[in-house]
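Report on the following structure.
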Amino acid sequence: MFRNLLAKTSLALLLSLGFAAEELHAQSEAQPVAIPGWNALIQQLQALPVAALNKLPAELRNDPQVQQEVARLILQALTMSAISTLGADGDHPVFLPSIGELINVGQPNADTIYKAAEIAPGGVYRLRGYPGTLTMSVIGQVGPSPADPGSEGDHPGPTRNYLYLDTLKTHDDGQFDVLLSVDKPQGYRGDWWPLHPKTYRLMLRQVSSDWQAQIDPAITIERIDIPVGRTRPSAETMEARLRRLPMMTAFMSTMFVDQASKLRAQGYVNKLKVLDVSTSGGLDGQFYYEGAFDLQDDEALIIEATQPEHCQYRSVILTNDIYQTLDWYNNQSSLNESQAAADADGVLRVVISRLDPGVPNWLDTGGYQRGVVQGRWTHCNYQPMPVVKKVAVEKVRDYLPPETLVVTAAERQRIVRERRAAYQLRRHW
């Protein structure tokens, strides 16, 4: 009896192994399942490095260092696009991280934390929160980008309307509460902000002149003309988002990659010109200037401008040769009105060089010989165009007022460490 049971068990085991082997063989011969949109994503991303490099002159395009920097730029643009693909939803909005020190595309301003919330055109929204104490906290309405449905060009166009948080009424608990809609509801008496009917996202700029002392705003956003709650997204919806991802990445990574090269071709090397960004999302009331810099290790640029009598904000930043803002987090590569004072004669003087000239208003090129210097005057009574001088680093003090302070190497280390700590205390994510 035992032998019969053992024989039956062995036969059953062999049969089950045989069936399993046949199933594995059938699976191996089956065609692989393709996720719609995935192969298109990979193929389009594969083509991006060539597309970005082809916008650069041969000397940069063939430089191994620049090639890796372009690869990093594309990764950063991909990261930004992926965050939007995963989290942006006009029916269930939230302010998501945008460009900055980690996602360094479109030369972000060093003092600004950028966040974006996607909205559905025609929807009704509510903003609540605390305005904070920054130099400027402003939300702009942005039209469709080239990757969005309804896009009509190769850029999102001008920002259509602005909401400054410090203009809103606050309740006893310190919070503001504002309604956003195309049309104002009849009888509504609270704060209301009209929405352009083709607004696709809200861009929040949190601009701080004092990273340590000022407080960033805290903001919530919700859509209130539909029920709250979120159901499982359809396959069609997710595929559409997946297919938008490489287009968003391509737009962001190639939009400004050749900006420095254009400045050089136009002859703006170690001199400045007006930058017009009114059609690509520039901030209202902000005057921009920029020019390429090209310096040997023993050379410096001194930029000078008469300080406006009234100015809400000003800054000077540096970028590399593919228009990525230089590392202001670990270097003194940006200066605002709190970090760089004008001299007693009312003139703002800033020194740009690789070697530290030992002066307070120094912009560190961080080892870059070439790049772009860019300045902003925001809500000033006038916007001066600075003049530029190229001098030897060892002769810098000959062109500065005699009372210019001396900053030692040890003091510079302390300043940058304190700067680094203050920047980390801001809420970036």
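Worth pointing out:
- Condition check for THR231: out of contact with any strand residue (DSSP E or B) (no Cβ under 9 Å at 6 or more places or on another chain), part of a helix (DSSP H, G or I) and of a type in the set (Ser, Thr, Tyr): no
- For the range 208-240, filtered to residues that are of a type in the set (Gly, Ala, Ser) and out of contact with any Gly (no Cβ under 6 Å at 6 or more places or on another chain), the residue that is surrounded by the most Cβ atoms within 10 Å (Cβ to Cβ) is SER208.
- Selection from the range 405-417 of residues that are in contact (Cβ under 8 Å) with a residue 24 or more places away in the chain, assigned to a helix (DSSP H, G or I) and surrounded by fewer than 14 Cβ atoms within 10 Å (Cβ to Cβ): ALA409
- Of the set (1) out of contact with any Leu (no Cβ under 6 Å at 6 or more places or on another chain); (2) buried (at least 18 other Cβ atoms within 10 Å of the Cβ); (3) in contact (Cβ under 8 Å) with a residue 40 or more places away in the chain; (4) closer than 30 Å to GLY285 by Cβ, all apply to ASP343 but (2).
- Check on ALA88, among the small types (Gly, Ala, Ser), surrounded by 21 or more Cβ atoms within 10 Å (Cβ to Cβ) and under 26 Å from VAL257 (Cβ atoms): no
- Test: LEU263 is within 29 Å of ILE113 (Cβ to Cβ), assigned by TED's automatic domain parsing to the domain that holds TYR329 and touching a Lys or Arg at 6+ places or on another chain (Cβ under 8 Å): yes
- For ASP111, the stated conditions hold: it is touching a residue at least 24 places away in the same chain (Cβ under 8 Å), out of contact with any Pro (no Cβ under 8 Å at 6 or more places or on another chain), under 30 Å from ARG420 (Cα atoms) and among the charged types (D, E, K, R).
Residues checked against (1) within 26 Å of ALA116 (Cα to Cα); (2) outside the structural domain of ARG201 (by TED's automatic domain parsing); (3) not aliphatic (A, V, I, L, M):
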residue: GLY267; (1), (2), (3): no, yes, yes
residue: ASP276; (1), (2), (3): yes, yes, yes
residue: ASP284; (1), (2), (3): yes, yes, yes
residue: GLY291; (1), (2), (3): no, yes, yes
residue: THR306; (1), (2), (3): no, yes, yes
residue: HIS310; (1), (2), (3): no, yes, yes
residue: LEU318; (1), (2), (3): yes, yes, no
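The values are calculated or read from the model by the stated rules, or taken from the named source; none is laboratory data. Note that the structure is predicted; figures quoted are calculated from it, not measured. Because the Cβ atoms are built from the backbone with ideal geometry, glycine has one as well, and the counts that use them run over all protein chains shown.
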